[in-house]
Every structure is written in C-alpha cells, then in structure tokens.
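Notes to accompany the following structure.
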Amino acid sequence: MNSNLYGLNIWGNSNFIIEDGEVCLNTDFKPSLIDIVKEIRNDGIKGPILLRFPHLIKKQIVDIYSNFERARKDNDYNGTFNAVFPLKVNQYPGFVKHLVEIGKPFNYGLEAGSKAELLLAMAYNNFKAPITVNGFKDKELINIGFIAAEMGHDITLTIEGLSELEAIIETAKERFTPKPNIGLRIRLHSSGSGIWEKSGGINSKFGLTATELIEAINLLKDAGLIEKFTMIHFHIGSQINEINPLKKALTEAGNIYAELRKMGAKNLRAINIGGGLSVEYSQTKETAEKNYTLREYANDVVFLFKTIAESKNVAQPDIFIESGRYVAASHAVLVASVLELFSQEYTEEKLSLKGENPPLITELAYLYENIKSSNALEYLNDAIAHMESILTLFDLGYVDLIDRSNGEILVHLIIKKSVEILGNKLNYSNLLKIQDEVQERYLVNFSLFQSLPDFWGLKQHFPIMPLTKLDERATRSASIWDITCDSDGEISFNSVNNPLFLHDVDVEKEDYFLGFFMVGAYQEVLGMDHNLFVHPTEATIMLKEDGSFEIKDILESQSVLDILEDMDYDVSDIQEILNQRIESSNLVDEKQKKHILGELYLFLNDNGYLKSFG
Ligand SMILES: *Cc1c(COP(=O)(O)O)cnc(C)c1O
C-alpha cells in the first residue's frame with residue numbers, strides 16, 4: 001500500500017500506516033482509525049471526535065530524552081539534561097494527566113506562564129521534577145512561586161524585567177525558606193524564523209538587555225540572593241524550521257552564561273533554551289519546512305555549549321528545554337464526517353429540459369451525451385465556458401431560470417463524468433491541470449474556528465486525509481467548508497503546491513470521514529466558540545500490553561445549556577422563559593405543549609454539532 005498518500009511519509013513520523021485502504025495506527029495490532037471511531041459512535045456519539053493517543057506523547061518524550069542522552073555521551077558532556085512541558089501548549093486534563101504520568105521516570109517537569117498554570121503545575125507536577133515560570137509576573141504570582149518552593153517544589157522563577165526582580169527581592173524578605181530559584185530571561189540579538197519568530201531578537205517582547213543583566217547581578221548580590229540565581233533562559237520563537245538561527249542563539253546564550261559566571265554568579269549552572277523545536281505539518285515535498293532533525297538539534301546544543309564552556313573555562317551548563325509543540329502536536333487527531341458534497345444535488349433526474357431549448361443548453365446536453373476519454377478535457381473546458389455565457393444571457397433576460405438550472409445541472413454532470421474519465425492513469429495529468437476550475441466543496445461537520453484556530457489566524461496548514469477508501473484513486477479536487485456560517489470557515493487548496501484530492505462519495509449512502517492530524521498543540525485552548533460550536537467530544541485511545549487498544553475517558557462535547565452557562569447566562573432563567581412562551585403560545589392542546597417542551601429540553605441538553613448525517 002502506498003504510504004506516500006497525502007504526504008503521510010512527510011508528516012506522519014511513522015505513527016500511522018495505510019492498510020486495506022484505511023488509516024491505521026502503526027502499532028502491533030494496527031487498529032484502523034475508522035474502527036475506533038465507529039466503536040465510539042456506537043455509543044450514540046455523533047459530531048466531530050478528537051482522538052488522543054498517549055502512546056504518541058510517550059514517543060516524543062522518549063525521543064527528546066534519548067537524543068539528548070546520546071548527544072551528551074557522544075560529546076562527553078558533564079552538564080545534565082532536563083525538560084519541562086510548557087502548559088500553554090495544552091492544558092487539557094485528557095492530555096496533561098497522561099503527560100505527567102509518562103514523564104515520571106524522566107523527572108519531566110512543567111512550565112507555567114500564568115497564575116492558573118502555576119497552580120495547575122503545583123498540583124500535578126511530578127513532585128521534585130522542575131517547574132519553570134515565565135511570563136509577566138505581579139506580586140501575587142511571585143508569592144505563589146514562593147509558596148511552591150516552601151511546599152518543596154523545585155521551582156525557578158524566570159525574570160522578564162528588572163521590576164520583577166525588585167518584586168522578588170522584596171518578597172524574599174517577607175517569606176520563609178526554602179526560596180525559589182531565580183532565572184533571568186536574556187534578550188538575544190539573534191532571532192528565530194517563520195510566522196512565530198517575534199519571540200526573539202533585540203525588539204522582542206521579553207528579556208533583559210546586556211545592561212539590565214549587569215544591573216540584575218548587582219541587585220541580586222546586594223540583596224544576598226545571588227546564590228539563588230541558577231538559570232538563564234531564552235526562547236526565540238515557536239516552530240523554528242531552520243537550525244541556523246538557533247545555533248546563533250545558542251552561541252550567544254553560551255557566552256552570556258560564561259560572562260555572568262565570571263561576574264560572580266557562582267550558582268548559575270543552567271541554560272534554558274526554551275521551546276521552538278518544530279514539527280512537519282506539510283503534505284508535499286515542495287512545501288516541507290523543517291530542515292533539521294532532533295538528533296542534529298541535540299548535537300548542536302551540546303556541542304556548542306561544551307565548546308564555549310571549554311574556551312571560556314567555565315563549568316559545562318545544565319541544559320533545560322521547554323519544547324511544547326514537538327511533544328504535543330502529534331498526539332491528537334480530529335475526525336469529522338463529510339456532510340455534503342456541494343454538487344451532489346445536481347442529478348440527471350432534476351433536469352427539466354424543454355421541447356425547445358436555447359442552443360447553449362442543447363450543446364451542453366450533446367457534450368454530456370458524447371463525452372469520452374479522447375475528448376473529456378476539451379468538453380469539460382467547453383462546458384465551463386458555456387456556463388459563463390448562460391449566466392450572461394440570464395442577466396440580459398434571454399434565458400429563464402429553468403434554462404439556467406438546466407445549465408448548472410449539465411455542467412456539473414459533465415464535470416463529474418469527465419473527472420471520472422480523466423481519473424484513470426493515462427489522463428490523470430490532464431485532470432491535475434484543471435483541478436482549480438473543477439473544485440468540489442466538501443461540507444464537514446466541524447468548526448475550523450474551534451478545532452484549527454491557527455489555520456484561521458495564521459494560515460498554518462494541518463495534514464488532512466480521508467480515513468477510508470485509500471485503495472481507490474481520489475479524483476475530486478477539494479476545498480473544505482466547516483459548519484459555521486462564517487465565510488472564513490473554508491480551507492481552500494491550490495493546484496500549484498498544495499492540492500487536496502478527495503473521493504467522489506454519495507454521503508447519503510456511505511459515511512466518509514476526514515482526519516485532521518497534528519492538532520494536539522495550541523489548537524485546543526486557542527479554539528474559539530464561534531457560533532457556539534465548542535470543544536468537540538474527545539476520547540483517549542490506550543494501547544494495552546498485548547497490543548490491543550482500549551477506548552477510555554469519552555468526554556462528550558458540552559451541551560447547549562452548559563455552553564450558555566459558561567457564558568454566564570442564567571440557564572434556569574432561559575428554561576423558565578422558554579417554558580412560559582410555550583405556555584402562552586396559541587397552542588391549545590396541553591399534550592402538544594408538553595411534547596414540544598420535552599423536545600426543547602432534549603436539544604438544550606445535547607451538544608450543538610450537526611447530527612442527522614454526521
Ligand atoms: C511558548 C513557549 C514555549 C513552547 O514553545 P514550542 O514552540 O511549543 O516548543 C517554551 N517556552 C516559552 C517561554 C514559551 O513562551
């Protein structure tokens with residue numbers, strides 16, 4: 001089976017394989033995603049489903065630790081390697097609880113960027129595993145950090161600016177021991193690349209300049225807190241696709257570390273290189289973005305730090321990383337069904353040809369009757385041109401609505417038939433040439449705003465492929481429409497470097513599910529409740545020792561009432577008003593009133609995604 005389909009060999013990281021035309025987990029028993037989804041839907045669940053795969057979280061964590069372990073060994077490196085997971089990437093319990101459990105043997109910690117995240121970390125972090133705290137801090141957040149230290153957590157508060165340092169010094173006087181460690185975020189002149197590069201560089205939002213660093217050291221010495229200064233930190237941006245900017249940042253940070261040690265920061269022993277390790281989202285070779293491997297990344301970090309430490313004659317620093325996207329992205333797959341193909345409604349039965357038709361309609365009917373392999377491309381192009389003319393004639397009043405409808409139907413039938421004919425091997429390259437003109441719109445039961453917000457906001461591409469029929473050639477060039485009533489709710493594709501071909505299915509006769517892959521990082525919490533479509537139903541797929549799988553923790557998407565309650569509506573008020581309105585309606589039959597009240601009650605307590613088909 002062709003594992004290059006839909007670029008699976010580019011973005012898939014061997015997590016999935018195609019067998020018998022279906023996407024399957026690449027594990028001992030190779031369960032197909034469609035079977036998993038069917039099993040979940042057998043419990044009466046409809047609408048989109050977010051599948052979580054903890055074994056893929058584990059794979060990434062093991063990948064990071066083993067690559068750095070190997071790099072340390074190869075380079076004879078004395079500093080330790082440590083990692084924390086930045087909670088902002090995914091704070092959902094269905095993810096975090098597995099992450100923490102999987103991370104236990106590695107002493108994998110958590111990174112927090114707000115009060116809420118820090119309190120979450122204090123509750124769930126593997127005790128004694130590191131906690132780092134970044135982001136802007138007020139006195140309260142600093143106090144929470146001190147409480148964490150007093151509770152016995154290994155916590156480092158990273159200072160983003162001098163005023164935060166002053167607040168820490170003040171707090172230290174007021175509170176008990178043990179105290180948290182202090183980190184300083186350094187402002188590098190090197191920056192990342194790509195759409196998230198803003199976190200680095202001299203104009204970045206965060207970090208201390210060289211001048212401020214010197215001042216910070218003096219403040220710490222004066223306050224008797226220099227022993228607590230243990231870490232410097234930088235983060236040059238997310239999804240860093242090129243290794244060179246990182247190398248520059250590592251060199252710069254390594255030198256700052258050595259200089260600060262020389263200036264009397266005697267307990268400074270760690271460099272926290274932040275996140276940014278990228279993943280491949282691309283489905284074609286032409287658009288592939290990432291130009292390095294984790295092996296290379298780990299080697300560069302260890303090698304550069306060692307070289308600088310040796311040349312400046314300081315201890316080799318402990319390494320901390322805060323990669324989030326790399327750990328979380330692949331663990332979640334959104335599965336949603338196709339509800340409709342836009343042109344599905346154009347069937348032969350709907351044609352209502354007259355005794356005498358306008359010449360263009362007669363011509364279209366002729367094309368449809370006589371289309372075959374040798375003329376398919378030509379007839380198709382003619383049909384599209386004729387449709388343009390028919391629309392012009394309609395505007396001028398020369399053809400009527402029935403003619404126009406006949407034209408639409410015939411053109412779509414010609415498209416469908418020619419695509420079918422051109423879909424075979426010999427003609428396929430011709431089909432590719434015209435795919436932009438004959439694109440089919442697939443209406444899919446999901447909200448792009450809720451489930452792929454980075455596509456909406458940043459045009460970040462996510463791998464998309466059907467879960468079934470992979471042993472049949474997909475011939476319809478597609479664009480995807482979500483169910484929000486917002487015209488931004490479309491994922492369009494182009495023939496040049498980013499085509500999507502889907503199958504021509506009759507969704508009234510068979511289910512057709514699409515998988516949206518690599519959605520485990522950032523998408524869930526950034527997701528917006530536009531049109532009040534909320535976080536989809538989720539389920540966790542656990543692999544058992546014997547290789548089989550088990551579906552756990554099915555969490556159904558919120559009910560309409562719960563959504564409204566989240567928005568601070570008084571839901572009993574809503575129910576009361578609806579009740580009263582039914583009471584005072586013109587219905588006279590009490591039974592009818594009871595019946596529709598009952599119906600409304602069911603709708604209010606169910607989730608808002610579409611049900612009838614998908
Ligand atoms: C966002 C963030 C991260 C995580 O970045 P990824 O690109 O997801 O690895 C790490 N550290 C800090 C300080 C961050 O702000």
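Report the FRET efficiency, 1/(1 + (r/R0)^6), for Glu508 and Gln580, where r is their Cβ-Cβ distance and R0 is 56 Å, rounded to 0.05.
Values: r = 40 Å, r/R0 = 0.71.
Working from the Cβ atoms, E equals 0.90.
Rounding to the nearest 20 debye, state how big the charge dipole of the chain is about its Cα centre with +1 on each Lys and Arg Cβ and -1 on each Asp and Glu Cβ. Mind showing how you got there, number by number?
Working: 59 positive and 89 negative charges, 615 e Å.
With Lys and Arg at +1 and Asp and Glu at -1, about 2960 debye.
Charges only on Cβ, +1 for Lys and Arg, -1 for Asp and Glu: so what's the dipole of segment 54-329 about the Cα centre, in debye to the nearest 20?
Here the size comes out at about 380 debye.
What relative contact order, as a whole-number percentage, does the chain give when Cα pairs under 8 Å and 6 or more residues apart are counted?
Numbers: 1145 pairs, mean separation 102.2, N = 614.
Relative contact order, the chain: 17 percent.
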Practice problem: Would you please state which residues of segment 442-482 a label at Asp20 would reach in this model, taking the label point 7 Å out along Cα→Cβ and a backbone N cut-off of under 19 Å? | Solution: 466-473
Quiz item: Among the lysines, which fall within straight-line cross-link reach of Lys228, defined as a Cα-Cα distance under 19 Å, with same-chain neighbours fewer than 8 residues apart omitted?
Solution: Lys128, Lys137, Lys139, Lys173, Lys179, Lys262, Lys266
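Report the gain in length on full extension from Ser352 to Asp589: 0.36 nm times residue separation, minus Cα-Cα distance, nm rounded to one decimal. Walk me through the intermediate numbers first.
On the way: separation 237, 0.36 × 237 = 85.32 nm, distance 4.38 nm.
Extending this stretch completely gives an extra 80.9 nm.
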Practice problem: Could you rank the peptides 79-89, 308-318 by their average count of other C-beta atoms within 10 Å per residue, with the highest value first? | Solution: 79-89, 308-318
Quiz item: Tell me, what % of the accessible area of the chain is carbon and sulfur with a 1.4 angstrom probe?
Solution: 51
Practice problem: Just add up the charged neighbours of Glu164: K/R +1, D/E -1, any other residue whose Cβ is under 10 Å from the Cβ of Glu164. | Solution: 0
Quiz prompt | Hits among aspartates and glutamates - C-alpha to C-alpha of Lys221 under 20 Å, sequence gap 8 or more where chains match | solution = Glu160, Glu164, Glu166, Glu170, Glu174, Glu212, Glu259
Exercise. Assign unit charges at the C-beta atoms only (+1 for Lys and Arg, -1 for Asp and Glu), then state the dipole size of segment 480-552 relative to its Cα centre in Debye, rounded to the nearest 20.
Key: 220
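If DNA, RNA and ligands are ignored and the probe is 1.4 Å, what is the ranking of Trp456, Trp11, Trp481 by accessible area, most exposed first?
Values: Trp456 105, Trp11 10, Trp481 75 Å².
Putting Trp456, Trp11, Trp481 in descending order of accessible area: Trp456, Trp481, Trp11.
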Quiz prompt | Where the chain is the region considered: accessible area per residue in Å², 1.4 Å probe | solution = 45
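Could you list, in their original order, any pairs among Lys416/Lys509; Lys285/Lys306; Lys509/Lys594; Lys433/Lys509 whose Cα atoms are separated by more than 28 Å? All intermediate terms of the calculation are to be shown ahead of the outcome.
Values: Lys416/Lys509 18 Å; Lys285/Lys306 35 Å; Lys509/Lys594 35 Å; Lys433/Lys509 30 Å.
Correct reply: Lys285/Lys306; Lys509/Lys594; Lys433/Lys509.
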Quiz item: Using 0.36 nm per residue, how much length does the chain from Ser429 to Asn381 gain when fully extended, once their Cα-Cα distance is taken away?
Solution: 15.8 nm
Self-check item: Cut-off 12 Å between beta-carbons: net charge of the residues surrounding Met122, Lys and Arg +1, Asp and Glu -1
Solution: -2
Quiz item: Once the dipole of segment 388-541 is set up with Lys and Arg at +1 and Asp and Glu at -1 on Cβ about the Cα centre, which of Gly423, Gly527, Phe394 lies farthest towards its positive end?
Solution: Gly423
Quiz item: Can you tell which of Ile155, Asn218, Phe234 lies farthest toward the positive end of the dipole of the chain, using +1 and -1 charges on the Cβ of basic and acidic side chains (Lys, Arg; Asp, Glu)?
Solution: Asn218
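Past 30 Å, Cα to Cα: identify those pairs from Lys350/Lys593; Lys591/Lys611; Lys97/Lys247; Lys30/Lys115, in the order given.
Details: Lys350/Lys593 39 Å; Lys591/Lys611 27 Å; Lys97/Lys247 33 Å; Lys30/Lys115 42 Å.
With Cα atoms farther than 30 Å apart: Lys350/Lys593; Lys97/Lys247; Lys30/Lys115.
Please list 468-474, 183-189 highest first by mean number of surrounding beta-carbon atoms within 10 Å per residue.
Working: 468-474: 16.7, 183-189: 22.6.
Result, highest mean first: 183-189, 468-474.
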Quiz item: Could you give the length gained on full extension between Lys262 and Leu401, defined as 0.36 nm per residue of separation minus the Cα-Cα distance, in nm?
Solution: 41.6 nm
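The values are calculated or read from the model by the stated rules, or taken from the named source; none is laboratory data. Because the structure is predicted, anything quoted here is derived from the model rather than measured. Because the Cβ atoms are built from the backbone with ideal geometry, glycine has one as well, and the counts that use them run over all protein chains shown. Note: areas computed on protein heavy atoms with side chains; ligands, DNA, RNA excluded. Shrake-Rupley method; radii C 1.70, N 1.55, O 1.52, S 1.80 Å.
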